[in-house]
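First comes the structure, then the notes that go with it.
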Amino acid sequence: MAKYKLEYIWLDGYTPVPNLRGKTQIKEFKSFPKLEELPMWGFDGSSTRQAEGRTSDCMLKPVAVYPDTTRKNGVIVMCEVMMPDGKTPHPSNGRATILDDPGAWFGFEQEYFLYKDGVPLGFPKGGGYPYPQGLYYTGVGYDAVGCIAREIVEKHLDLCLDAGINHEGINAEVAKGQWEFQIFGKGSKSAADQMWVARYLLMRLCESYGVDVNFHCKPLGKDVDWNGSGMHSNFSTTYLREVGGKEYFEALMAAFDKYKNEHIAVYGPDNHLRLTGLHETQSIDKFNYGVANRGASIRVPHSFVNNGYKGYLEDRRPNSQGDPYQIASRILQTIATVPTKKASKK
Ligand code: ADP
Ligand code: MN
Ligand code: MN
Ligand code: MN
């Protein structure tokens, strides 16, 4: 038997976006624990905006497990928050609202800024700006990316890979101090679980550097020529990948148009600062789609059209601070409103 450090992490009750919380319990197991072996646990919901003081217990239900190589026998346990009965999802539990669909696949492209002393890494300390945007995106050299940013990004990548998170890539982004990683997952909840754990690992790693992760979608404001941060959400279902077709695609886009306000409501706060129609975005009150169009709400990859309107689509509106649970939930709800035909012929 060995003592494992189980870090239970969950989302609190803050709005419009929840924060990550975590606490450790030690338990003995013969080998690395499986999900079924992990007990439910409780926490004081009155300190996380999830309960009133008098009946403050909320329950933590383990839903996914990841190795944590920063600690000896470390385990990260992603949890859903449940009511005291342990069965009813807490109102803040966005994950519980995601339709179960093993055929749904998501790929999230998380952009973020690294901040130190209130400014992006590499911005002059006394105020002002570094060189205008141009050479930072996918850049190399101290001038472009500074010195500790890449170290953080590389360490984060390794922590995520060690944890079994399905990273697909990383890159330096358009603004100085801005970076991106991409995560892909099969099943309606998997990529979102992994995204929250990857965010957790990044924030925790940055503590020792005195660096903050700034997930705000337009941290430098909308009136300057510095990019904002998004979390482009790529999605597909079995039907979209295997049947698709122009008619279905157009019906799907009509549904996305119809529910555009419901989508924007969960695509992250302050998105009006980012979705302006500039900097490769569509404005917040419009919905459009376009083949390979990075100024569209939904970008349709060339491959999708070339394959007879089959494949995946990219919703470019979700921002960097958005909750991937709520985003995945909304996308699948809208898809579910569009009738599909029985797949008779390929
Ligand atoms: P870009 O920056 O050009 O938008 P990226 O390569 O950064 O493109 O991101 C594309 C994303 O699409 C990847 O994160 C990938 O996981 C995702 N993706 C690819 N195929 C599918 C699919 N069939 N269903 C859902 N997502 C997909
Ligand atoms: Mn990308
Ligand atoms: Mn990007
Ligand atoms: Mn993209």
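Starting from the stretch 107-133, take each residue that is more than 16 Å from ligand 4 (Cβ to nearest atom) and list its partners that are basic (Lys, Arg), counting only C-beta distances under 7 angstrom and pairs at least six apart or across chains.
Listed by first residue and then by second, the contacts come to Asp117/Lys125; Pro120/Lys176; Gly122/Lys176; Phe123/Lys176; Pro130/Lys176.
State whether one or more residues within the stretch 105-116 are more than 16 Å from ligand 2 (Cβ to nearest atom), touching a strand residue (DSSP E or B) at 6+ places or on another chain (Cβ under 6 Å) and over 24 Å from Tyr325 (Cα atoms).
Yes; the residues of the stretch 105-116 include at least one that is more than 16 Å from ligand 2 (Cβ to nearest atom), touching a strand residue (DSSP E or B) at 6+ places or on another chain (Cβ under 6 Å) and over 24 Å from Tyr325 (Cα atoms).
Would you check which residues across the stretch 88-132 are out of contact with any Asp or Glu (no Cβ under 7 Å at 6 or more places or on another chain), more than 29 Å from Arg241 (Cβ to Cβ) and either within 16 Å of ligand 3 (Cβ to nearest atom) or among the basic types (Lys, Arg) (or both) and list them?
Across the stretch 88-132, the qualifying residues are Tyr112, Phe113, Leu114, Lys116, Pro120.
Identify all residues within the stretch 113-128 that are over 26 Å from Arg199 (Cα atoms) and modelled with pLDDT of 95 or more; write none if there are none.
none
Just need a number here: residues in the stretch 292-319 that are closer than 30 Å to Lys218 by Cα, hydroxyl-bearing (Ser, Thr, Tyr) and away from ligand 4 (no atom under 12 Å from the Cβ).
In the first step, residues of the stretch 292-319 are kept if they are closer than 30 Å to Lys218 by Cα; the result is 292-302, 312-319.
Going one step further and asking which of them are hydroxyl-bearing (Ser, Thr, Tyr), we end up with 297, 312.
Imposing the further condition that a residue be away from ligand 4 (no atom under 12 Å from the Cβ) reduces the set to 297.
So the count comes out to 1.
What pairs come up if the first residue lies in the stretch 22-34 and is touching a residue at least 24 places away in the same chain (Cβ under 8 Å), the second is surrounded by 10 or more Cβ atoms within 10 Å (Cβ to Cβ) and assigned to a loop (DSSP other than H, G, I, E, B), and their beta carbons are under 8 Å apart, counting only those six or more places apart or on different chains?
Lys27/Pro33; Lys27/Pro39
With respect to the numbered conditions (1) within 12 Å of Gly177 (Cα to Cα); (2) part of a loop (DSSP other than H, G, I, E, B); (3) more than 16 Å from ligand 4 (Cβ to nearest atom), which one is the sole condition not fulfilled by Ala144?
The single condition Ala144 does not satisfy is (2).
Collect the residues in the stretch 147-179 that are surrounded by fewer than 20 Cβ atoms within 10 Å (Cβ to Cβ) and small (Gly, Ala, Ser), keeping them in residue-number order.
Selection gives Gly164, Gly169.
Give me the pairs: first residue in the stretch 162-176 and outside any loop (DSSP other than H, G, I, E, B), second residue of a type in the set (Ser, Thr, Tyr) and within 12 Å of ligand 1 (Cβ to nearest atom), beta-carbon distance under 7 Å, and six or more apart or on different chains, which are they?
Hits for this filter: Asn171/Thr138; Ala172/Tyr137; Ala172/Thr138.
When you go through Gly245, Gly210 one by one, which is the residue that is closer than 24 Å to Leu99 by Cβ and at pLDDT 95 or above?
On the way: Gly210 fails: closer than 24 Å to Leu99 by Cβ.
The unique qualifying residue is Gly245.
So, restricting to strands (runs of 3 or more DSSP E) that lie completely within the stretch 229-337, which ones have at least 3 residues that are surrounded by 17 or more Cβ atoms within 10 Å (Cβ to Cβ)? Quick ask: steps written out before the conclusion?
Values: elements: 231-236, 289-291, 298-300, 313-315.
Output list reads 231-236, 298-300, 313-315.
Considering only residues that are more than 16 Å from Lys5 (Cβ to Cβ) and free of Cβ contacts under 8 Å to residues at least 40 places away in the same chain, which ones fall in the stretch 50-83? Explain how you work it out, then say what you get.
Here is the first cut: in the stretch 50-83, the ones more than 16 Å from Lys5 (Cβ to Cβ) are 50-59, 61, 63-64, 80-83.
Within the stretch 50-83, Ala51, Glu52, Gly53, Arg54, Thr55, Ser56, Asp57, Cys58, Met59, Lys61, Met83 qualify.
The values are calculated or read from the model by the stated rules, or taken from the named source; none is laboratory data. These figures come from a predicted structure and were not determined experimentally. Cβ coordinates were reconstructed from backbone atoms using ideal geometry, including for glycine residues, and neighbour counts include every protein chain displayed.
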